[in-house]
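Each value in this text was obtained by applying a stated rule to the coordinates, not by laboratory testing. The structure displayed is predicted, hence computed values, not measured ones. FYI the Cβ positions are ideal-geometry reconstructions off the backbone, even for glycines, and counts take in every protein chain you see.
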Ligand SMILES: Nc1nc2c(ncn2[C@@H]2O[C@H](COP(=O)(O)OP(=O)(O)O)[C@@H](O)[C@H]2O)c(=O)[nH]1
Ligand SMILES: [Mg+2]
């Protein structure tokens, strides 16, 4: 097929040139009218550009039908819409493909369910990869596919290894004061009521409470209600002086639980107030209460805000309200701080479990710390 471009000042002239070369069998491939720039819109020149060819298969057809046959199809509004929609779909598909999670693609299929479960639980990817590498390398070494049970055994071994040096377990009963700190509404008051009830019922200890949470009447009443059930005394400390008097009053008890205010501890001022009010030099164990329903990043911020206090262990609450408890492991490994209790409900004292490595791992793998 021969092809040639013609330029002329009019279409008639352009077509005359085409016919000269190709005769009546010429095929017009495209035609275009352009205007050259003039001066103030005057003296503008028109220029016609025609691309024509000669194709034997079209020989004998009329000029008009040939022109029509090579014109690009006129896009109907409907088909423009369809094309736009298809373009959008293709773009979305490309995006989706780029976002496919390639994290676990190096592992065999039978490992994926457990790795994905750990990911859903919010365990940090670096730990999931360590676990994946461990199990996969053992599979390659033994040249077998591991059953779920065999995988679990290795995964538990990984946790024992990594969490082996971290302390677990409840109050020691070696210290007279038990102090709970933490943000608003995480379950501090409920949790000390649970721990105190256990100490009284199971260990036959004489218990009492001091509350420094004097910002809301309801908070004092809440603690009083629990204390009354246990027939335990409650002292209210509005300031440092009150706190000293309360200690004196309760000095004959075995265990004194200190409830603190739920304040927004992202503000450093509240952390300072706390350090003035409570005498941390006492014979005291201090626990930081965090709710597993919080975002890990927020928990992390709180932990750093409280780093001036001697946090012995964490207490993690509300595991009944979430399926992602990977943050417990992430934070323990990050700060090297262990867990004393986990709580999974509002019932006092039932919904409290003394933490151990096995129970935490059960909570993560089986979804139940009481398994
Ligand atoms: N679902 C659930 N709710 C809890 C748990 N612990 C405490 N709560 C509830 O959380 C709310 C706040 O508890 P509270 O002890 O007053 O928190 P505080 O402000 O930290 O003292 C109350 O409604 C408690 O009953 C738990 O483990 N699970
Ligand atoms: Mg409270």
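Return one number: the angle in degrees, 0 to 90 and rounded to the nearest 10, between the long axis of the Cα atoms of helix 125-142 and the longest principal axis of the Cα atoms of the chain. That helix lies at roughly 80 degrees to the long axis.
Sort the stretch 253-371 into rounded, prolate or oblate with this rule: let a ≥ b ≥ c be the square roots of the eigenvalues of the Cα gyration tensor; rounded if a/c is under 1.5, and if a/c is not under 1.5, prolate when a/b is larger than b/c, oblate otherwise. Prolate shape, in that a/c is at least 1.5 and a/b is the bigger ratio. Full extension of the chain between residue 295 and residue 147 gives 49.9 nm of extra length, using 0.36 nm per residue less the Cα-Cα distance. By the beta-carbon count within 10 Å of each Cβ, the least crowded to most crowded order of 348, 186, fewest first, is 348, 186.
Listed peptides 304-313, 337-346 appear in the order 337-346, 304-313 once ranked by packing, highest mean of other Cβ atoms within 10 Å at the front. According to the calculation over all Cα-Cα pairs in the stretch 109-163, the P(r) per 5 Å bin from zero is 4, 19, 34, 28, 12, 3, 0 %. The fewest-to-most ranking of 118, 163 by surrounding Cβ atoms within 10 Å reads 163, 118.
Computed over the Cα atoms of the stretch 177-365, pair by distinct pair, the Kirkwood hydrodynamic radius stands at 16.7 angstrom. When both bridge partners sit in the stretch 177-365, DSSP labels roughly 10% of those beta bridges antiparallel. With respect to the chain, whose longest principal axis is taken over its alpha-carbon atoms, helix 296-305 is tilted by about 50°. On full extension of the chain, what length is gained from residue 112 through residue 322, given 0.36 nm per residue of separation minus the C-alpha to C-alpha distance? Additional length available on full extension: 73.4 nm.
Taking the C-alpha atoms only, the angle from helix 188-203 to the longest principal axis of the chain is near 40 degrees.
Need the C-alpha centroid separation for the stretch 341-358 versus the stretch 180-233, integer Å. Centre-to-centre (Cα) distance: 15 Å. State whether the chain is rounded, prolate or oblate according to the following rule on the C-alpha gyration tensor (a ≥ b ≥ c being the square roots of its eigenvalues): a/c under 1.5 gives rounded; otherwise a/b larger than b/c gives prolate, and the remaining case gives oblate. Since a/c reaches 1.5 and a/b is larger than b/c, the shape of the chain is classed as prolate. Computed from label points 7 Å out along Cα-Cβ, the spacing between residue 214 and residue 281 is 2.2 nm. Calculated mean residue ellipticity at 222 nm for the chain: -14000 deg cm²/dmol, from DSSP H runs with n ≥ 4 weighted as -39500 (n - 2.57), summed, divided by the residue count and rounded to 500.
Highest mean first, the peptides 77-89, 232-244 sorted by other C-beta atoms within 10 Å per residue fall in the order 232-244, 77-89. When you count the other C-beta atoms within 10 angstrom of each residue and take the mean per peptide, 175-181, 317-323 line up highest first as 175-181, 317-323.
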